[in-house]
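The values are calculated or read from the model by the stated rules, or taken from the named source; none is laboratory data. What you see is a predicted model; the values in this text were computed from it and never measured. Ideal geometry is used to build each Cβ from the backbone, glycine not excepted, and the neighbour counts take in all protein chains shown. Ligands, DNA and RNA are stripped out before the accessible areas are found, and what is left, the full protein with its side chains, is counted by its heavy atoms. Shrake-Rupley method; radii C 1.70, N 1.55, O 1.52, S 1.80 Å.
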Amino acid sequence: MEKKWWKEAVVYQIYPRSFKDADGDGIGDLRGIISKLDYLKELGIDVVWLSPVYQSPNDDNGYDISDYRNIMDEFGTMEDWEEMVSEMHKRGIKLVMDLVVNHTSDEHPWFIESRKSKDNAYRDYYIWRPGKEGKEPNNWESFFSGSAWEYDEATGEYYLHLFSKKQPDLNWENPNVRKEIYEMMRFWLDKGVDGFRMDVINMISKVPELPDGEAYDGKKYASGSRYFMNGPRVHEFLQEMNREVLSHYDIMTVGETPGVTPKEGILYTDPARCELNMVFQFEHVDLDSGPGGKWDIRPWKLADLKKTMTKWQKELEGKGWNSLYLNNHDQPRAVSRFGDDKQYRVESAKMLATFLHMMQGTPYIYQGEELGMTNVRFSSIEDYRDIETLNMYKEYVEKYGENPQAVLEKIYYKGRDNARTPMQWDDSKHAGFTDGTPWIQVNPNYKEINAKAALQDPDSVFHYYKKLIQLRKQHPVIVYGTYHLILEDHPLIYAYTRTLENEKLVVITNFSNETPVFRLPEDIVYTAKELLIHNYPVVESEELHEIRLRPWEARVYKIQ
Ligand code: GLC
């Protein structure tokens, strides 16, 4: 397998609004990030993925960009940004910027022009259609509730917005749009960025006829995803982008690709095809969604997690490259979702980290994950900020007449604000995030869960992550080994091996607060073993053949 720096790297995602506020306005900023770079250096990560910091009216917290070449006022200035990159590079940390080019803000100059008249030079930068019999051009539902179309008085037509109505979709069929985007990408690469995380990049090519989707459960609007995810020209566009821009720099690229299958995943990441280095697939974080989508919540099952992760591990092996994540700014906190965020919070946070970081692929840590930060339960909808959550709440309560408390329960489980409460730095007011009033409240558990306490405690989740990252640098089998699932049918234990030449890892993780017995399959023989990492006090002498595991226990052995 070809060696690449981005295969060996560990990425840390910063959601700048919630990371660290340096100027006391209650909103995280670039100077705040600069002040915490030594913390990241201590953790040992190699790359920062920074969620959008461009000019934005913040309808979707920066994912609605009104100026791609300037920094959001609340976050600082271009000088601050330059200082931030140079301070990162000084510490050997690379910077990956978020690239949001499926849509812009409706306040972007292109859209302001586009909506003026049907013959405006920028009209065709977006997707405009006349209505159908006085209604929207098709029945597609926006990811943020309601129709994906917005009627515009000035020209009497509708524009497409897969996300909020302040996020009109760009028309990638238009070569001028693509040319401008490539220029903008070169602008940032020439300023020294080391790669891009590409927002919903598999949605840039729509089936031109924009056919109706199939409505679920008698609903008015339907998912149109089969007509815009992995659409007809997406690979052509990415190959063009690669030719024009990406191939000229030594960078890393990761595409956010909801609804992607391993087969498609290979098309995006096979190096011979010259598109992207890796994609974020969604199958494992969709295991607790029913046919009604994200808010149709049902329990996930370990058997399904095994099937899904194993499918991705095996099918991409030697053909593409995986990214590994359980958290990001759109997902609830992993320890609350897949672990036990009460009695075994520390143990299960470490177990999940082990489970993920020992797989094949590039691991991503989302801010606060390294502290075992948890979901939050605000008592009122007034305390929530995320547009997706607020729109959903309104629709379910006002339109469908659902019980508000039941809708809040959905939000407690899946809402994106779970990941967006401020980073918990210490036990002082507002968790040391800000001297002002935070834009969203801090999780009340910050007195116990915070970076200061974690740094002082050698058994903390933080120090465990640090060790996992170091192991990756010491044992090539963690990066390049092949994956093999063992104990396939065990209802509580997820175990697998990684093999590179004569080195083998045995990864054992208990996904429960029970105490099941792990039995090593008979075909795995060894003469020597070394316990590389463990989330309970050491038991070096124990034989590997039969181990009674403790709640949420995780161990990794290297055997020969
Ligand atoms: C991606 C982002 C999410 C955003 C959406 C629209 O899914 O991760 O935060 O709301 O795209 O840009």
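The table below gives the values:
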{"item": "Residues with amide H under 5 Å from that of Asp169, placed H, sequence gap 5 or more", "result": "Ile127, Leu160, His161, Leu162"}
{"item": "Residue-wise HN-Hα coupling along the range 154-169, computed from phi with Karplus coefficients 6.51, -1.76, 1.60 (Hz; x: Gly, Pro)", "result": "3, 10, x, 10, 9, 10, 8, 9, 5, 10, 6, 5, 8, 10, x, 6"}
{"item": "Added length on full extension, which subtracts the Cα-Cα distance from 0.36 nm per residue, Arg226 to Gln343", "result": "37.9 nm"}
{"item": "Estimated inter-spin distance, Glu8 and Glu42, nm [label 7 Å along Cα→Cβ]", "result": "2.6 nm"}
{"item": "The range 447-535: C-alpha gyration tensor shape, a/c 1.5 cut-off, then a/b vs b/c", "result": "oblate"}
{"item": "Paramagnetic reach from Glu244 in the range 81-97 [backbone N under 11 Å; point 7 Å along Cα→Cβ]", "result": "none"}
{"item": "Shape call, the range 25-72: gyration tensor on alpha carbons, a/c limit 1.5", "result": "prolate"}
{"item": "Label-zone membership for the range 347-383, site Glu514, 7 angstrom Cα→C-beta point, backbone N under 20 Å", "result": "347-349, 351-352"}
{"item": "Linear extension gain, Glu107 paired with His545, 0.36 nm per residue minus alpha-carbon span", "result": "151.4 nm"}
{"item": "Ordering of 216-227, 381-392, 1-12 by packing [mean C-beta count within 10 Å, highest first]", "result": "381-392, 1-12, 216-227"}
{"item": "Cβ-Cβ FRET estimate between Asp217 and Asn391, R0 fixed at 22 Å, reported to 0.05", "result": "0.75"}
{"item": "Inter-site label distance for Asn70 and Tyr536 at 7 Å from Cα along Cβ, in nm", "result": "5.8 nm"}
{"item": "Interchain or long-range residues, amide H under 5 Å from Trp49's placed H", "result": "Tyr12, Gln13, Ile14, Val96"}
{"item": "Given charges at beta-carbon only (K, R positive; D, E negative), |dipole| of the chain in Debye", "result": "1160 debye"}
{"item": "Average accessible area per residue (Å²) across the range 480-559 - probe 1.4 Å, nucleic acids and ligands excluded", "result": "47 Å²"}
{"item": "Within the accessible area of the chain (1.4 Å probe), percent carbon and sulfur", "result": "47 percent"}
{"item": "Helix-only mean residue ellipticity at 222 nm for the chain, each DSSP H run of n ≥ 4 adding -39500 (n - 2.57), per residue, nearest 500", "result": "-7500 deg cm²/dmol"}
{"item": "Net lengthening on full extension, Glu503/Glu382 (0.36 nm per residue, minus Cα-Cα)", "result": "38.1 nm"}
{"item": "Residues whose placed amide H lies under 5 Å from that of Glu157, excluding near-sequence neighbours", "result": "Asp152"}
{"item": "Protection proxy ranking of 431-437, 51-57 - average other beta-carbon atoms within 10 Å, highest first", "result": "51-57, 431-437"}
{"item": "Backbone HN-Hα couplings from phi across the range 110-117 [Karplus 6.51/-1.76/1.60, Hz, Gly and Pro as x]", "result": "4, 6, 4, 5, 3, 7, 5, 7"}
{"item": "Förster-model FRET efficiency, 22 Å R0, Ile524 and Lys307, C-beta, rounded to 0.05", "result": "0.55"}
{"item": "Accessible heavy-atom area order of Lys301, Lys410, highest first, probe of 1.4 Å", "result": "Lys301, Lys410"}
{"item": "Ordering of 125-135, 40-50, 397-407 by packing [mean C-beta count within 10 Å, highest first]", "result": "40-50, 125-135, 397-407"}
{"item": "In nm, spacing of pseudo-spin labels at Cys274 and Ile297 (7 Å Cα→C-beta vector)", "result": "4.6 nm"}
{"item": "J(HN,Hα) series, the range 125-133, from Karplus relation 6.51 cos²θ - 1.76 cosθ + 1.60, nearest Hz, glycine and proline x", "result": "6, 10, 9, 9, 8, x, x, 10, 6"}
{"item": "Computed FRET value (nearest 0.05) for Lys319 with Gln441, which takes r as the C-beta separation and R₀ as 30 Å", "result": "0.10"}
